[in-house]
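Chemist: Take this structure first; my questions come after.
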Amino acid sequence: IRERDLASGSDRTISTKPGFYYGPRHSPDGRHIRYSRTGGSGMTGAMWSGERGVHVIPAQGGEPRRIAKNGENPQFSADGSRVLYFTGGGLSKKLMSVGLHGEDAREVLDLKYPDLVSISPDGKWVAFTELFNAYVAPLPQTGGSIALSKDTKTIPVTQVSRDAGSYLHWSADSRSLHWVVGDEYFSRDLKDLFAFVPGAPKDLPKPDSAKGVKLGLVAAVDTPKEVVAFTHARIVTMRDAQNVQEVIENGTVLVQGDTIRAVGENVSIPPGARIIDASGKTIVPGYADVHAHVAHFGGGVVPQQNWAYYANLAFGITTTHDPSATTELVFSQAELVKAGTLVGPRIYSTGTILYGADGDFKAVINSLDDARSHLRRMKANGAFSVKSYNQPRRDQRQQVDQAARELGMLVVEEGGSTFHHNMTMILDGVTTIEHNLPVAPLYRDVIELWKHTDVRNTPTLVVSYGGLSGEYWWYARDNVWEDGKLARFFPRETLDARSIRRETAPDWDYYHIEVAKAAKALRDAGVKIQVGGHGQLQGISPHWETWSLVQGGFSNWEALRAFTIDGADSIGFGKQLGSLEAGKKADLVVLNANPLEDIRATADTRYVMVNGRLFDVDADMAEVGHRAAPAPTFYWQRHQDGHGYGVEYGPTMPCHCPKSGVPHRH
């Protein structure tokens, strides 16, 4: 933890022990600093994750004191003699108070749905967010615990915002409350919320009267300048929308900056271009995984090199759409990728799902206005699609659909293995059905209904409903832990634990093949099918999905379409991504073999280009040109956390080399 003098700009170190520290703040008298300490994640590793909880340290430095073993978001009381902190989870949370030496711990608030609580600096008011809205109430000094929610009757509670209440915080004088919706900053004075506050107007303003101020935070989109020509390649363009297979056997793909400029047999290459001889290689469009859970849950420290992103890129995944993620995390990561600060595929997402079942993040929808509010909130945060999930009544789902049509957004839905939910979703015109229908084979009634809509299907065969799913087939039949790219870009201990001891069954017991046959019947009837790897194993699971489609009767070319243009088109980017043609974004994969002959060649990547940035897979994803950079380093190499590479552990330790992926000793 460091302290910066704002006048001089000089820094002073407060705590030198490495750890995951959050929310350091000075006490009112400036003598102490409080903070919470948590553990690492699957992105950062578990090192320095001890001594979690709420701590206090002298502002001049010294030994920290842990005053609570569990807790987050600590804040000082008005007089600085106590620390209040948030603890618990699910539908049982508390706001606790404790002395500066951990003494006299007591409960202040009993909470169910609220997920953030902020006490005013004078200690007289409490603001909280509950089910995606913000509320404020007086805070009586009772000495006991108060059950607090938006429906509390013992104290006056009023709604502050129309749609949301992210990053809720108080002014220093405790007279106004501030929050953020997307890129707008909102404020409300207490006198505009309660009639008994001095200076309150006769008619209090409504929550939707608050006007936001644009934050004006912008960053340049990363755009390469280099010209790159891939020559002498077999090119599978995927550019014909009429299901006509186009293959150029000895052609060139010319890229300028982030855009494909020419594709063909006789392409003029400008002087100074970087030339990649792709003789014997096959070039396909960058792959689209449109049901991709790419480690976007949670929050906290963002690693500068995200191994999940690299794993996906190394396998040629250049576009991802995550239909369930933590809103603040996924959209901030997407912006970092756009700005070139993070290396990764294109990151799109619904953000947090519009969840219908009970929980502290459920989206309550009982009217069209409710649905509009949720979708405005998601769109403000960066979503162009929303995930309607487990809303139990059809009218609730229809309200989401209508709000999406008004706001120009997509709706991806899943039936949760409920056939009749799926059928009404199709009838109501959602964008896509995620996961498979829970019955197979499909008969004429379903196919005839579905073919008369433009509703797409992402069957996710790797996790299909109704029987043994696809991922188990590939785990049982491949030595997954020996894959070189996985060994390089996946935490070794996680990969080994999941893949070495595997379940197996006879071929006839795998239900995903029957589901894939149903997907083929839908495709033959004109229903678009796209690939979703569900995040089962970063990078490789979308390939399992593609290969499983072939098991169900898809031709190699049809499966490739599902993995490229059909996937890109399903999320609204068919005119920018998914095929190799002039004017489209420069996303492509150079393969060592021809996937039209062997579908498993989709994973045999040599080069990957995303938005014109070129990565050499054989050089462990070192970047070539533009932001030229060596191969990335991940936490298990830096920390010696888990089973890393031999060079980290010395000459006698077992190693999984990224080149061969085969365990041996150096």
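Chemist: Suppose the filter is small (Gly, Ala, Ser) and open to solvent by 20 Å² or more (accessible area, probe 1.4 Å); does Gly415 pass it?
Modeler: Answer is no for this residue.
Chemist: Take the residues of region 80-93 that are assigned to a loop (DSSP other than H, G, I, E, B) and modelled with pLDDT of 95 or more: which is surrounded by the fewest Cβ atoms within 10 Å (Cβ to Cβ)?
Modeler: From region 80-93, those assigned to a loop (DSSP other than H, G, I, E, B) are 80-81, 90-91; that's our starting set.
From what is left, the residues that are modelled with pLDDT of 95 or more are 80-81.
Working: Gly80: 16, Ser81: 13.
The qualifying residue surrounded by the fewest Cβ atoms within 10 Å (Cβ to Cβ) is Ser81.
Chemist: What's the total number of residues in region 298-345 that are assigned to a loop (DSSP other than H, G, I, E, B), under 14 Å from the mean Cα position of the chain (by Cα) and among the small types (Gly, Ala, Ser)?
Modeler: Looking only at that region, the number is 6.
Chemist: In region 355-366, is there at least one residue being open to solvent by less than 40 Å² (accessible area, probe 1.4 Å), closer than 23 Å to Ala295 by Cβ and under 15 Å from the mean Cα position of the chain (by Cα)?
Modeler: no
Chemist: Would you check which residues across region 446-484 are surrounded by fewer than 22 Cβ atoms within 10 Å (Cβ to Cβ), part of a helix (DSSP H, G or I) and not hydrophobic (A, V, I, L, M, F, W, C) and list them?
Modeler: Glu448, Lys451, Tyr472, Tyr475, Arg477, Glu482, Gly484
Chemist: Further, regarding this structure: Consider region 129-148. How many of its residues are hydrophobic (A, V, I, L, M, F, W, C), part of a strand (DSSP E or B) and either more than 12 Å from Leu190 (Cβ to Cβ) or open to solvent by 10 Å² or more (accessible area, probe 1.4 Å) (or both)?
Modeler: 4
Chemist: Can you confirm whether Val126 is in contact with a helix residue (DSSP H, G or I) (Cβ under 8 Å, 6 or more places away or on another chain), in a strand (DSSP E or B) and open to solvent by less than 20 Å² (accessible area, probe 1.4 Å)? Spell out the reasoning first.
Modeler: On the way: in contact with a helix residue (DSSP H, G or I) (Cβ under 8 Å, 6 or more places away or on another chain): no; in a strand (DSSP E or B): yes; open to solvent by less than 20 Å² (accessible area, probe 1.4 Å): yes.
When the stated conditions are applied, Val126 does not pass them.
Chemist: Filter region 149-196 down to the residues that are on the phi > 0 side of the Ramachandran plot and hydroxyl-bearing (Ser, Thr, Tyr), then identify the one that is least open to solvent (accessible area, probe 1.4 Å). Can you show your working first?
Modeler: Here is the first cut: in region 149-196, the residues on the phi > 0 side of the Ramachandran plot are 167, 174, 182.
Right, trim to hydroxyl-bearing (Ser, Thr, Tyr) and you get 167, 174.
Working: Tyr167: 137, Ser174: 5 Å².
Looking at the filtered set, the residue picked out is Ser174.
Chemist: Considering each residue of region 536-576, count those that are crowded, with 24+ Cβ neighbours inside 10 Å and assigned to a loop (DSSP other than H, G, I, E, B), and give that number.
Modeler: 7
Here's the yes/no breakdown for (1) over 30 Å from His293 (Cα atoms); (2) touching a strand residue (DSSP E or B) at 6+ places or on another chain (Cβ under 6 Å); (3) open to solvent by 50 Å² or more (accessible area, probe 1.4 Å); (4) not in a loop (DSSP other than H, G, I, E, B):
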| residue | (1), (2), (3), (4) |
| --- | --- |
| Arg34 | yes, yes, no, yes |
| Met43 | no, no, no, no |
| Ala46 | no, no, yes, no |
| Val54 | yes, yes, no, yes |
| Asn70 | no, yes, yes, no |
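Chemist: So which residues in region 374-387 are at pLDDT 95 or above, open to solvent by less than 40 Å² (accessible area, probe 1.4 Å) and in contact with a helix residue (DSSP H, G or I) (Cβ under 9 Å, 6 or more places away or on another chain)?
Modeler: Listed by number, the residues that qualify are His374, Leu375, Met378, Ala383, Ser385, Val386.
Chemist: Is at least one residue of region 346-359 within 26 Å of Asp222 (Cα to Cα), touching a residue at least 60 places away in the same chain (Cβ under 8 Å), in a strand (DSSP E or B) and aromatic (Phe, Trp, Tyr)?
Modeler: Of region 346-359, the ones within 26 Å of Asp222 (Cα to Cα) are 346-351.
Now restrict to residues that are touching a residue at least 60 places away in the same chain (Cβ under 8 Å): 346, 348, 350.
Those left that are additionally in a strand (DSSP E or B): 346, 348.
Checking the rest, the ones that are also aromatic (Phe, Trp, Tyr) come to 348.
Yes - at least one qualifying residue is present in region 346-359.
Chemist: Would you be able to say whether some residue in region 277-285 is within 15 Å of the chain's Cα centre (by Cα), charged (D, E, K, R) and not in a strand (DSSP E or B)?
Modeler: Checking region 277-285: not a single residue is within 15 Å of the chain's Cα centre (by Cα), charged (D, E, K, R) and not in a strand (DSSP E or B).
Chemist: Same structure again: Based on this model, can you work out whether Thr326 counts as buried (at least 23 other Cβ atoms within 10 Å of the Cβ) and without any contact (Cβ under 8 Å) to a residue 60 or more places away in the chain?
Modeler: No, not satisfied.
Chemist: State yes or no: is Leu204 at pLDDT below 90 and surrounded by fewer than 18 Cβ atoms within 10 Å (Cβ to Cβ)?
Modeler: In short, no.
The values are calculated or read from the model by the stated rules, or taken from the named source; none is laboratory data. This one's a predicted model, so the numbers in the text were calculated from it and none came from an experiment. A quick note on method: Cβ atoms are made from the backbone with ideal geometry, for glycine too, and the neighbour counts reach across all protein chains shown. Please note that ligands, DNA and RNA were not included when accessible areas were found on the heavy atoms of the full protein model with its side chains. Shrake-Rupley method; radii C 1.70, N 1.55, O 1.52, S 1.80 Å.
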